[in-house]
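The structure appears right after this line, and notes come after that.
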2 protein chains.
Amino acid sequence: MTTTASTNTPAQPFAVAVDVMGGDYAPEELVAGAVQAARQHGIAVLLVGDTAAVKAELSKHPTDGLPVTLVPSQGVILETDHPALAMREKPRASVVEAAKLVRTGRAQAMVSLGSTGAAMATATLVLGLLEGVERPAVGGPFLAPLSNAVLVDLGSNVDCRPAQLLGFAAIGVAFARSIQGVDNPRVALLSVGAEEGKGNRQAKEAFSLLKASKLNFVGNIEGGDFFLDRADVVVCDGFVGNVILKFAEGLGVAIAHQLPMLLAGYLSSEAMKKVSRDLSALTNAVEAAGGGPLFGVNGVVIVGHGRSRAATVADAIRMAKRAVDVKLVEAMRREMAAL
Amino acid sequence: MTTTASTNTPAQPFAVAVDVMGGDYAPEELVAGAVQAARQHGIAVLLVGDTAAVKAELSKHPTDGLPVTLVPSQGVILETDHPALAMREKPRASVVEAAKLVRTGRAQAMVSLGSTGAAMATATLVLGLLEGVERPAVGGPFLAPLSNAVLVDLGSNVDCRPAQLLGFAAIGVAFARSIQGVDNPRVALLSVGAEEGKGNRQAKEAFSLLKASKLNFVGNIEGGDFFLDRADVVVCDGFVGNVILKFAEGLGVAIAHQLPMLLAGYLSSEAMKKVSRDLSALTNAVEAAGGGPLFGVNGVVIVGHGRSRAATVADAIRMAKRAVDVKLVEAMRREMAAL
């Protein structure tokens with residue numbers, strides 16, 4: 001471990017800035033996860049956090065020769081803070097310093113498991129948004145492996161104008177193409193009937209815009225169609241997306257709780273526990289994947305679940321590397337420009 | 001069986017008009033289900049349908065001494081028809097004739113498994129709506145037994161004004177109290193954050209109205225909270241409600257499909273099939289319950305799933321009897337008036 005960019009480690013193609021002060025188990029699990037990413041995957045990590053706290057955590061891990069660097073910050077923006085106000089009051093907070101490292105080119109991506117609102121505000125103000133984007137969106141294959149469809153928006157934009165849904169489609173297509181390797185992603189609009197003309201005003205107008213676009217628009221899908229492989233990208237208002245995201249997670253847990261009744265007599269209690277865990281995980285893919293990129297930001301910002309432990313933190317850091325490798329931001333910029 | 005009101009059967013407290021021409025398996029399963037309700041539960045049923053078709057079905061069942069009466073109708077309104085137009089073109093269609101029997105007092109309730117749009121249009125035009133209701137709503141404990149919360153609206157009203165959501169709360173409370181026996185039903189607003197002020201414009205305004213009302217309003221709940229017994233009645237726009245309803249059904253089926261993988265080695269293929277079926281049923285309570293009443297109509301109208309078979313038809317007829325017995329319509333009228 002070094003406190004400035006190391007000269008003993010091999011030249012790194014890039015570095016990931018990790019906000020080690022954000023998340024339910026910060027800094028302990030964040031530091032452990034970052035060290036793991038450096039050791040197992042050779043990813044250079046910049047640990048952004050309170051010097052004393054990070055050093056104390058680092059002392060628990062052997063880091064000699066690893067591309068692990070401490071970058072001091074002061075304070076942390078909490079879930080309970082108002083993101084924009086907190087950025088003014090804590091201008092050197094860990095999430096802000098991490099974004100600055102990306103802006104100045106010292107890191108090529110950042111990871112935060114703290115307040116998503118703070119990550120969005122920081123990304124917007126420090127890194128900026130792509131042309132045509134009004135606010136970062138959150139999206140991803142939140143139902144994988146039950147469904148690989150990328151849903152945008154998962155909760156950061158509500159009361160969307162139809163044109164915003166068109167933008168979600170474009171950046172969702174960039175994600176499906178770059179990260180998931182889908183050739184000509186099929187775009188669908190989430191609505192309450194398959195036919196054109198079904199839905200609320202927002203959906204009806206978005207339908208017209210999507211139909212007139214050059215995107216591979218396949219029409220409306222309904223809530224049950226996620227599981228029928230009808231689309232690669234599904235767009236909806238963030239109000240609906242967030243309700244579904246949390247509903248899926250809750251329903252998975254609720255079904256897992258019913259298993260002992262459904263499987264009474266078939267399984268040992270040990271096996272039952274394992275099956276219950278596997279089943280809950282099925283509907284909680286966002287957590288399982290470590291995190292996903294904010295959509296529409298002029299830089300790679302991976303946001304993850306606050307409850308994540310070290311292994312999941314390492315996964316989020318790998319996702320950051322992946323997004324840089326496949327040039328996700330450039331792909332999103334291109335798709336937005338093509339609209 | 002008689003073709004006019006029978007004089008050989010004991011005096012009936014009421015009769016249920018059954019639209020035996022609506023539904024995927026009409027008239028066969030509809031007639032069978034109605035006969036079953038008459039035989040097993042002593043409920044007088046008026047079979048509304050094409051004379052020849054119904055007689056042919058009735059000939060398959062012994063109905064001597066049963067309170068089963070044929071009421072002729074002409075034509076049926078299909079899912080693909082425009083409900084209001086179809087009512088003009090087929091003024092003697094089965095669903096219309098069934099509603100007329102309720103209006104004239106020959107029946108106290110009706111059941112239809114045909115087009116929900118047709119049932120709603122017929123209910124509105126033939127029976128009328130309660131004061132303050134603009135359009136019938138569809139609601140119910142769609143997640144029972146995973147959750148007993150009554151969700152209103154499940155898809156008949158989109159782009160709702162906040163005042164409509166307040167109305168959904170009132171009629172949902174009447175249902176929870178009358179049908180489910182809940183003492184002082186807790187009302188929650190579905191949104192994307194627990195705190196007041198979270199949500200889209202519609203939710204924020206509805207929050208204020210609900211807070212100012214005399215209802216037992218417990219605030220916002222999120223998508224995952226359905227399973228945590230935080231509310232007895234949950235209100236949302238029908239766009240969101242319909243997406244969730246179909247999403248739950250699809251997710252249950254998708255998880256059931258994963259079971260062979262999760263349970264590999266534990267269960268015989270026979271046991272696996274049974275468990276898969278039980279699990280799918282968990283998220284498809286609307287079908288399991290037979291059907292639910294249209295909310296806000298000046299009469300008991302039970303709408304059921306088109307795929308229902310005889311046993312489920314009989315359940316829907318029992319639900320109709322129950323709604324009459326507990327005076328559901330009066331309870332809804334009272335709650336609306338108290339707003």
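The values are calculated or read from the model by the stated rules, or taken from the named source; none is laboratory data. Since this is a predicted model, take the numbers as computed values, not measurements. Every residue, glycine among them, receives a Cβ derived from its backbone with ideal geometry; neighbour counts consider all protein chains shown.
Table: residues versus (1) closer than 23 Å to A:Arg309 by Cα; (2) within 16 Å of the chain's Cα centre (by Cα).
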| position | (1), (2) |
| --- | --- |
| A:Pro91 | no, no |
| A:Val111 | yes, yes |
| A:Val133 | no, no |
| A:Ala137 | no, yes |
| A:Gly140 | yes, yes |
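Among the residues making up the stretch A:154-170, those that are among the hydrophobic types (A, V, I, L, M, F, W, C), more than 14 Å from every other protein chain (Cβ to nearest Cβ) and farther than 17 Å from A:Val326 by Cα are A:Ala163, A:Leu166, A:Phe168, A:Ala169.
Among the residues of the stretch A:156-170, the one identified as aliphatic (A, V, I, L, M) and part of a loop (DSSP other than H, G, I, E, B) is A:Val158. The criterion of being part of a helix (DSSP H, G or I) and either surrounded by 24 or more Cβ atoms within 10 Å (Cβ to Cβ) or modelled with pLDDT of 95 or more (or both) does not hold for B:Leu70. A single entry from B:Ala320, B:Ala271, B:Ala338, B:Ala311 fulfils the requirement of being more than 26 Å from B:Val243 (Cα to Cα), surrounded by fewer than 20 Cβ atoms within 10 Å (Cβ to Cβ) and in the same structural domain as B:Leu30 (by TED's automatic domain parsing): B:Ala311.
You will find that of B:Thr116, B:Thr104, the residue that is surrounded by fewer than 20 Cβ atoms within 10 Å (Cβ to Cβ) and either free of Cβ contacts under 8 Å to residues at least 24 places away in the same chain or of a type in the set (Ser, Thr, Tyr) (or both) is B:Thr104 and no other.
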